[in-house]
1. Multiply the residue separation of Ala261 and Leu415 by 0.36 nm, subtract the distance between their alpha-carbon atoms, and state the gained length in nm to one decimal.
2. If you take every residue apart from Gly132 with its C-beta less than 15 Å away from the C-beta of Gly132, what net charge results, scoring Lys and Arg +1 and Asp and Glu -1?
3. Any idea which of Ala168, Val477, Met374 is furthest toward the positive side of the dipole for the chain, if Lys and Arg beta-carbons carry +1 and Asp and Glu beta-carbons -1?
4. Quick one: which of 394-405, 45-56, 526-537 comes out on top by average Cβ neighbours within 10 Å, and what's the full order, highest first?
5. Hey, what angle do you get for helix 398-414 against the long axis of the chain, alpha-carbon based, 0 to 90 degrees rounded to 10?
6. Where does the charge balance sit around Phe249 when Lys and Arg score +1, Asp and Glu -1, over other residues with C-beta under 14 Å from its C-beta?
7. Which order results if Thr455, Thr318, Thr190, Thr145 are arranged by neighbouring Cβ count within 10 Å, fewest first?
8. Calculate for the chain the 222 nm mean residue ellipticity that helices alone would give, adding -39,500 (n - 2.57) per DSSP H run of length 4 or more and normalising by residue count, nearest 500 deg cm²/dmol.
Amino acid sequence: MRKRSLRWWRRDAVLPAALLAIPIGVLAALVTNLFRMSIDFLDTTLLGSQADITVHFAQLPVEWRLLLPALGALVAGLLLWWDRRLPVESGNNDYMDAVAEGDGRIPLRSSILRSLSSLSSIVTGGSIGREGAMVQLAALSGSLTGRRWADLTTLRLCTACGAAAGLASVYHTPLAGAMFVAEVVLGSITVEGLIPLFASAAAATFTMHALGNGGAPFALVQRAPVFDGLDLMLLLPIGIMAGLLGPPFLMLLARSRRLFAALPWPLPLRMAFGGLLMGAITIVVPEVCGNGYAPILSILHDASMSVPVAWVLVAKITATLLIVGSGAVGGIFTPSLFIGAALGSVIAGAAQFLPLSGHADTALLALVGMGAFMAAVSRAPLMAILMVFEMTMDATLLLPLMCGSVVAYAVSSLLPVPSSLYSVLDRRRLKLSEIREYEGTPLAALVRPPTQTLTPDDTLSDALENFRRGRRRYLHVIDAQGRFVGALSLHRVYDVLYRTPAASSSPVRDYVEADFLVLPADRTLAQAWDVLTQHPIEWLPVVDDLRQRHMLGVISRREILSHANELRR
């Protein structure tokens, strides 16, 4: 019954998930909007208005710029410490793990505490994205809905629908939200899988419009963007630089986590220390606080900053390393978008000092930089292209985005340790590499000695006794020089002895199948599996080559299938 249930999910789970996708999308939009309202309420309560956090920090006294991120990080750390001391709930804390590797269950209490921790970091200026907690809560709504109204075979897809709806609600990007979940989380882009994701993301976007929160977040107002020759020339440098910057940024994130984890302090104090160091940066560069949304707008509309964009870029990377490395819970998506936008802006500014004709459009190249850097760090170029396109709703950007993102993806893949912003992609890539390595293994490294063989001079009576002991359909016949002569069929032995009982003393050489299927040792496991799927043979002989036919051993169909299934889990 369990096997039938699993097969049914692969074929038909899309129908119940599609029916639940619309209410999941509506619920996810309401949850993300509630989180956004909570941020606005706390901003008003603590700082006096709902202005962007960078505006507040630019007006705060120096001591509060230093202390506020530390205090917020301390509270955030206490919430995480509390969550870790409580009994462990069933399910995966991260929605990506719950969908990609779990059964779709997301723990309620832990998700709420982690979201409150993220909220504390956000409202006190931590350099982290608010999208992480919002999408987590949206995925939680899909998981809870699936647990209430769907069966286990559909639960993962319901959780995935919640995540897609959450991304669509945060960035107003229904297409990119669905494609992100399909490309990154599920690891598969199929029509059947996309239908419920599209339905949920569309429902969430309509709900956000009804709540008055619609519109492209980075739309270029009153502009008709046209890339001239200089802009097109700069697409390649932007893609290359984004591809070169992405993997080192991820490596620095990992190293920052290790350095903070090595500190002999409890988690709340480590996070408070990271917030204190980030607060010191805001004294000089207040634009580093928050998720980076307001500084992106400043770049796109050519507004001035406290320091040149190049220094803001370095400061933002440092601040993000400190907050994320210290253990804060939140998203890195929007900070990564800012890093890409700043990179594009810096390259556009540097082009003005070169002896080139024309004037680079900083805003448009910054948008290409956003897509290119996201492609480099997420390892999901299709999602990156669609995300920036939908956030601007500018079809002119599609071709330049494709060029920049593909170049960045290719360059980042060439670096020694390519990794992704999302660990689920790294684990999936590692698993696929193990499968490819296993499939490319030469048969000579996998053969095992045959346990039951015959010589050409053995009799049918000897063969019958071997068949009874081994319970096999075929026995391999090997001559004195170790060459494979052929195989003897159990059916053939029974048929001969039934018709001619006196033939029991006859040598088996007269009844072997000389043209029995064999594989040379230089073939790979994948090639052997292709043969085994076409022939119902349990044990396949492996020889040194097809001319000499010296038998090296056998491979087992069952063992190959068992190991392949373990790798694909």
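1. Answer, rounded to one decimal: 52.8 nm.
2. Summing Lys and Arg as +1 and Asp and Glu as -1 gives 0.
3. Among Ala168, Val477, Met374, the one farthest towards the positive end of the dipole of the chain is Val477.
4. Packing order, densest peptide first, comes out as 394-405, 45-56, 526-537.
5. That works out to roughly 60 degrees.
6. In short, +4.
7. Thr190, Thr455, Thr318, Thr145
8. Helix contribution divided over all residues of the chain: -21000 deg cm²/dmol.
Throughout, read-outs are computed from the coordinates displayed, never taken from laboratory work. Note that the structure is predicted; figures quoted are calculated from it, not measured. No Cβ is skipped: glycine too gets one built from the backbone with ideal geometry, and neighbour counts run over all protein chains shown.
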